[in-house]
Amino acid sequence: MSAEQPPAQSPRRRIGRRVVVPAVLVLMVSAVGAGVVWAVHRVPPESSTRPPVAVETVAVVRTDLSATVSLTGTLGYGRAAPVKGGRSGTVTWLPEAGATVSRGRQLYRVDDQPVPLFYGGMPLYRDLAEPGTVGRDVRIVATNLKALGYEIGSQPAPGEKVHRPAAPGKPTAPPEKPASGAGAGKSTAPSGKSTAGSGRPASGAGGPATDATPTVGGTAATGRPTVVVRKGDGVLTGSLIRAVKRWQRDAELPVTGRIAVGDVAVLPGAVRVDSVTALRGDDAATPLLTVTPTAKVITVLAGATEAGTIQRGDQVTVTLPGDETVDGSVSAVSTTVQQDGEAAGPGGAAPKRAVTVTVDDDLAGIDAADVQVDLAGETRSGVLAVPVGALVALSEGGYALQLTDGRLVAVTTGMFAKGMVEVSGDGLSEDLRVVTTS
C-alpha cells in the first residue's frame, strides 16, 4: 500500500484564507488613518491674527525740546556784485576769473596805472587834497594806509573842531572895520596902544590872530568855517597827506598827496573775481567785473515763517555731499523778500528770504554743491515730555497716556521734536511711568 497522503484542502478553504489577510491589512490601515486624523484634529489651528505689539514702560521726563528746521542750501561764494570803474580812462589790464585780491593790491589798471583795493563801506566820492577835509571817506583812506603799515600821525577825536578849507575866491579872514572919528586909519590894541598903518591888530592879549597859520583843532580865528569831528570821521591832516605820498610812491602812482575819485576801488573786504565783463581798451567808467567774498558761504532761501525764527549767530549743522557734517552759524538774514519759483498756489511763487550761513571748515575741494542745513527752531524749556509712541488716541478725540496699572490719563500735546512730544495734564509728573510701544 502506498503512503497515506494528507487530505487535499478544498478550494473554498484556500479562498477564505486569502481574503482574511487583506481584510486585516485594511483594518490596520484604517486604524492608522483614523489615528492620523485624530492627531491632526488634536493640533491647535494656527492663529490668523498677529501677535500683540510689544510694549514697554518709560518715565515722563522734564527736558528742553527744540524743533529742527531742515532746509536746502547752496554752497558757493555768495552772490556776485558788479564793480564799476570810478572815472573815465582806458582799461589796460584786468584780472582773471578766480583770482583773489586783498587790500592794497591792484584790482585793475586804467591808463596803465594800478587801481588798488581799499576796504570800506562806501566809495570815495570827492577828491581828497585840501588839509582839514573832514569826512568818512577820509577815515577810509586813513584806516587803509595805517593797515598797510604807513604812519599817519594822530587823528582828531570826535568832538574836536577842525577848520575846513577856505572856498576858492573867498578871503581867509573877515575884512577889518575901519576906526571911526579921529583915530581913523589906526587900530587900537586892548592895552590902549595903537599900531598905525599895520592893517591888523596888535598881538596883545585878546586880539584876534587873523594872521595865524590855519591849524587843525586850534583856537585861532582864521575866517575859515569850522566843523566838529563826528564819530567815524577822518581828518586830512599834514601827517596823513605825507603818508598818502609815501604810499603813492610805493604803489608806482603819481606822488601828489592827492587821491582823486576813481584812484582806488573801495569794497567791503578781500574779493574773489567771479567774472570779467569788460575788455582791455574799454572805457573804465563802465562795469568791469563781478566779485564775491573770498570765504565760502551757504545761501538758504527760507520761507517767511521759517526765516522769522532765524537770527544772526544761530548755530546750524550742515550736511555735505557724502553725508559729512560740519558746524556753522547764521551770518546774515536778508530783509528783502525774494521769489524762488516754488508755486505757492494760483497766485504765483512763494516769497522767500535769503539766509547766509558760514561754516567752521574751509571745505577744501568743494566750490559748489547743494547741502542740507539743519537749524534749531522754536525751543521749549523745562517741559514734560514722553516718546511719541506713548500717545494713545482716544475715540472721542485727543490723546491719553496709559499708566502701568492700565488707567488712562488724558493729556494735551505741545511741541513734537526728535521723537518726543510735550505733554501736560492733571496727574502728570516727572518720573511717572507710562506705557509706550517699543
Is it true that some residue in region 367-385 is touching a helix residue (DSSP H, G or I) at 6+ places or on another chain (Cβ under 9 Å), open to solvent by 60 Å² or more (accessible area, probe 1.4 Å), of a type in the set (A, V, I, L, M) and at pLDDT below 90? no
The residue from G120, G135, G89 that alone is at pLDDT 95 or above, open to solvent by less than 60 Å² (accessible area, probe 1.4 Å), touching a helix residue (DSSP H, G or I) at 6+ places or on another chain (Cβ under 6 Å) and not hydrophobic (A, V, I, L, M, F, W, C) is G120
Any hit, region 138-149, residues being part of a loop (DSSP other than H, G, I, E, B) and surrounded by fewer than 21 Cβ atoms within 10 Å (Cβ to Cβ): yes
Tell me, please, whether a residue that is in a loop (DSSP other than H, G, I, E, B) and surrounded by fewer than 19 Cβ atoms within 10 Å (Cβ to Cβ) can be found in region 288-297. yes
By residue number, the members of region 371-391 that are under 24 Å from V58 (Cα atoms), touching a residue at least 40 places away in the same chain (Cβ under 8 Å) and of a type outside the set (D, E, K, R) are T379, S381, G382, V383, L384, A385, V386, P387, G389, A390
Scanning for something touching a Phe, Trp or Tyr at 6+ places or on another chain (Cβ under 8 Å), in a strand (DSSP E or B) and over 25 Å from L148 (Cα atoms), does region 273-285 turn up at least one residue? yes
Determine which member of the set S381, S395, S429 is part of a loop (DSSP other than H, G, I, E, B) and either of a type in the set (F, W, Y) or under 24 Å from S66 (Cβ atoms) (or both). S429
Name the single residue that is surrounded by the fewest Cβ atoms within 10 Å (Cβ to Cβ) among those in region 355-366 being on the phi < 0 side of the Ramachandran plot and of a type in the set (A, V, I, L, M, F, W, C). A364
Residues of region 247-259 satisfying the condition of being out of contact with any Leu (no Cβ under 8 Å at 6 or more places or on another chain) and surrounded by 15 or more Cβ atoms within 10 Å (Cβ to Cβ): Q248, A251, L253, G257
Just to check your reading of the model, which residue among D111, D64 is farther than 25 Å from A285 by Cβ and open to solvent by 40 Å² or more (accessible area, probe 1.4 Å)? D64
Of the residues that make up region 414-432, is at least one over 30 Å from A307 (Cα atoms), at pLDDT 90 or above and touching a helix residue (DSSP H, G or I) at 6+ places or on another chain (Cβ under 8 Å)? no
For region 105-135, enumerate the residues that are of a type outside the set (V, I, T), touching an Asp or Glu at 6+ places or on another chain (Cβ under 9 Å) and over 15 Å from V261 (Cβ atoms). P114
Look at Q155 and say whether it is within 20 Å of K245 (Cα to Cα), polar (S, T, N, Q) and open to solvent by less than 60 Å² (accessible area, probe 1.4 Å). yes
Mind checking which residues of region 407-438 are open to solvent by 40 Å² or more (accessible area, probe 1.4 Å) and free of Cβ contacts under 8 Å to residues at least 40 places away in the same chain? R407, L408, A410, T412, T413, G419, D426, G427
Does V273 satisfy being open to solvent by less than 10 Å² (accessible area, probe 1.4 Å), over 36 Å from the mean Cα position of the chain (by Cα) and β-branched (V, I, T)? no
Pairs where the first residue, in region 295-315, is under 26 Å from I366 (Cα atoms) and the second is modelled with pLDDT of 90 or more and open to solvent by 60 Å² or more (accessible area, probe 1.4 Å), C-beta under 6 Å, 6+ apart: T299/T74
Would you point out which residue out of T68, T49 is outside any strand (DSSP E or B), at pLDDT below 90 and closer than 30 Å to V388 by Cβ? T49
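The values are calculated or read from the model by the stated rules, or taken from the named source; none is laboratory data. Everything numeric in this text was worked out from a predicted model, so none of it was measured. Please note: Cβ atoms are built from the backbone with ideal geometry, for glycine as well, and neighbour counts cover all protein chains shown. Only protein heavy atoms, including side chains, enter the accessible area calculation; ligands, DNA and RNA are left aside. Shrake-Rupley method; radii C 1.70, N 1.55, O 1.52, S 1.80 Å.
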